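A short write-up of the structure that comes next.
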Amino acid sequence: MKRSLKSNRKSNLEVAGIYLIVLVMFVVILYPLLWAVGISLNPGTSMFSAKLIPDNWSTDNYNWLFNDPRSDYKLWYKNTLIVASFNALASVFMVGLTAFVFSRYHFVGRKNTIYATLLMQVFPVLMGMVAIYLLLNLVGLLDTFTGLVIFYTVGGLPMNIFLVKGYMDTIPRDLDESAKMDGAGHLRILTRILLPLIAPILAVVALFTFMAPFMDFLTPRIILRSPEKYTVALGLFSFINDKMGNNFTRFAAGTILIALPISTVFLFLQRYLISGLAEGGTKG
Amino acid sequence: MTTEHPSARAADHEASANPGIAPGIHASLDTSARPGTSASPGIVPGTNTAAAANPRAAAWLSVVPGLGQFYNHRWIKGSILLLLALLFAIAMTAPLINGIWGLITLGDNPETDDSRTLLVQGILSAIVIVILAIAYGLNIKDAHRDAVRRREGFAIPSVRKAFHDSWEHGFPYFIVVPTFLLLTMIVIFPLLFMVLLAFTNYNLYNSPPAHLLDWVGFDNFIALFTESIWSRSLLAVMAWTVVWTLVATSLQIALAFFLAMIVNDSRVRFKRFIRTVFILPWAVPSFMTVLVFAAMFNDTFGTINRDILSVFNVSVPWLTDPTWARIAIILVQVWLGFPYVFTLVTGVLQSISKDWYEAADVDGGTRLAKFRYITMPHVLFATAPLLIMQYAYNFNNFNIIYLFNKGGPPVPGQSSGATDIMISWVYGLTFDQNNYKMAAAISIIMGLVVAFFAFYQFRRSRSFREEGMY
């Protein structure tokens, strides 16, 4: 009796400790995020005079983004949505097919192609930016969404293929073997048998590839030239990188409007993320 | 399902394994003398051409693509190949020769030639030549194989059936070949371009279109190791890159592991809510948070010095002192990077069966023992490849370095800043200083390091050792 009381107290203490750590982490995580919100609500343009809780807060920055005739924000957002959608679609299609072949087929050169794909994913694409620029220039895809989408989709292929292949490897082969016995073709096995089972990891790939254009300002900076084609990340970056003016508060407001939908989708897909990544990781 | 008969397949292998077995005159004798094949159901009796088919002749004929296929009576396939070959010969010869010429000379007239374009065209020509050579080889092999099968007595499949068969048996190639062509263009081509740049004299003062580039051999690499401004920078950047990769990644993994463990404790409530908040740093675009952090760490105006540390009456030069800048940037990366690992580990922890822990309880295992012998192995086993990728990711983590402090603060006597890692240094050299040749040379060294470690680690990891299972 006495002993259980003691261990009970110990247990309570532990749980309190855990909550304390969680609380500290909450502060550490939320403090910078609240700052970002605070900065966006400050009336001035500089981040240095900004305060966490502004004296006279205003939504001027948000208003400007949407209503000022000089603002291209809505256009940028639309551009990014186009690029992101096509990137997600093309990626899921190509990644699904290639991962299916890598996971399910024996063919001459299989091992070497897998090694080659693995090696490709460790080279940063940034290293080849000059060449990408010249190549797209040569084939007339510079300053087009097509060029950007091709670059994003293919550049992300190696990593995503392994994510999906790893996940697919955990699905027993008996399922598709028996479908094959029944005379199902290659694509039928993929779409009817495997697709429903690998949906979680494909959702993860779709999410990652959809988000990439929202977060990346480097590639569009090299590929896109005309301001009316800017993606939202590049456009926002021009707020703080322009020679014309350094408008950090407006930048913060613009990024918060990207962060909100992305984090919402992220949190909704949390369950998929956790199970998909863990499964894919087991064999990836 | 297929017309292929096991014994015929064995014969096929035999024939391709020692080509000496099938020289001209012996061919007919060879077929009739083989006991197994004449009884096989794949044979179409009475085809007198079958006995005369000579694989070697077919292969030699298809030196002109298509003729070998004609020899095998595959008229349509032969015509298509012949037509393609003619078209390629007419249309591609001149551009390919020009391309290779450009690659060798890099242009001879500065008024008309742009060395960069010539370099790009040269690499593309080389890639096309390799692909055509492979296709050419496959064409010869195809004629040879068809002749062998004809000799074994197989009927020539109809066009329709041939298409069906190639889809049925060649399906993986229909997917992998296009994918690899795209990867060649977007991933391999830029790498080749960069490798070649490292052997030219391309920098701000010698840049096309005003000047022509020249091949300079290993001069850039020699400069990198002998000229003090380069060798000192290289050494400093390499050292910091290694420290950065190891410390930042290990810290973020350790923190994530610890948090995932305590949140997964059965006594903790509101798990979903806690996890949601913990994922936030991952869900918010990093280019915003890094810039906000840069503002927060600002020496004079930043909230960390102004609002938090001023309570203790200290002021830390976060962005101007090399050591403090490095500490700050590692802290920021841990903040940014732990949610991903946290998500991974949480997923694995949830999948570990309770039975393990119950069995350990029965045996009187301590908490430490349970962690050491059940949790740790499970998590590491499952996530090892992705954790390795985390190290590779941070090795190349350009965004945070560039956005936080642009690699600064600057260090006298070096071309790199104190927090510059390899990739941000290369970026600065390329886009700010236009020193392409040195950027390319450094990239090659960096690429070799990354490739070596990645290859070594992946080979060791489970998914490759078990490859034989599938």
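The values are calculated or read from the model by the stated rules, or taken from the named source; none is laboratory data. These figures come from a predicted structure and were not determined experimentally. Here the Cβ is made from the backbone with ideal geometry for all residues, glycine too, and neighbour counts use every protein chain on show.
Structure above, values below:
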quantity: Inter-residue pairs, beta-carbon under 7 Å, first in contact (Cβ under 8 Å) with a residue 40 or more places away in the chain and in the range B:420-436, second surrounded by fewer than 20 Cβ atoms within 10 Å (Cβ to Cβ) and not in a helix (DSSP H, G or I), 6+ apart; calculated: B:GLN433/B:LEU204; B:ASN434/B:ASN203; B:ASN434/B:LEU204; B:ASN434/B:SER207; B:ASN435/B:ASN203; B:ASN435/B:LEU204; B:TYR436/B:ASN203
quantity: Residue satisfying condition, being closer than 29 Å to A:LYS10 by Cα, assigned to a helix (DSSP H, G or I) and more than 9 Å from every other protein chain (Cβ to nearest Cβ), within set B:ALA239, B:ALA260, B:ALA248; calculated: B:ALA260
quantity: Count - residues of the range B:181-225 that are modelled with pLDDT of 90 or more, away from chain A (no Cβ under 11 Å), touching a helix residue (DSSP H, G or I) at 6+ places or on another chain (Cβ under 7 Å) and under 14 Å from B:LEU118 (Cα atoms); calculated: 1
quantity: Residue satisfying all of: in the range A:205-234; more than 10 Å from chain B (Cβ to nearest Cβ), farther than 14 Å from A:ALA90 by Cα and surrounded by fewer than 24 Cβ atoms within 10 Å (Cβ to Cβ); nearest to the chain's Cα centre (by Cα) among these; calculated: A:THR219
quantity: Test: B:ASP265 is among the acidic types (Asp, Glu), more than 30 Å from B:ILE127 (Cβ to Cβ), modelled with pLDDT under 90 and outside the structural domain of B:ILE129 (by TED's automatic domain parsing); calculated: yes
quantity: Every residue from the range A:137-152 that is among the aliphatic types (A, V, I, L, M) and within 8 Å of A:ILE223 (Cα to Cα); calculated: A:LEU142, A:LEU148
quantity: Which numbered condition B:ASN220 misses (of (1) farther than 30 Å from A:ILE150 by Cα; (2) in a loop (DSSP other than H, G, I, E, B)); calculated: (2)
quantity: Filtered residue count, the range A:149-175, keeping only those that are closer than 21 Å to B:ALA382 by Cβ, away from chain B (no Cβ under 11 Å) and under 15 Å from the mean Cα position of the chain (by Cα); calculated: 1
quantity: Residue in the range B:292-307 that is surrounded by the fewest Cβ atoms within 10 Å (Cβ to Cβ), counting only those that are under 19 Å from A:THR255 (Cα atoms) and within 7 Å of chain A (Cβ to nearest Cβ); calculated: B:ALA295
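Conditions tested, residue by residue: (1) small (Gly, Ala, Ser); (2) outside any helix (DSSP H, G or I); (3) within 33 Å of the chain's Cα centre (by Cα).
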residue	(1), (2), (3)
B:GLY107	yes, yes, yes
B:LEU118	no, no, yes
B:ILE123	no, no, yes
B:ILE127	no, no, yes
B:GLY137	yes, no, yes
B:ALA143	yes, no, no
B:ALA147	yes, no, no
B:PRO157	no, yes, no
B:ILE175	no, no, yes
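Yes/no per residue for (1) at pLDDT 90 or above; (2) surrounded by fewer than 22 Cβ atoms within 10 Å (Cβ to Cβ); (3) not small (Gly, Ala, Ser):
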| residue | (1), (2), (3) |
| --- | --- |
| A:LEU89 | yes, yes, yes |
| A:VAL92 | yes, yes, yes |
| A:VAL95 | yes, no, yes |
| A:THR98 | yes, no, yes |
| A:ASN112 | no, yes, yes |
| A:THR117 | no, no, yes |
| A:MET127 | no, no, yes |
| A:ASN137 | no, yes, yes |
| A:ASP143 | yes, yes, yes |
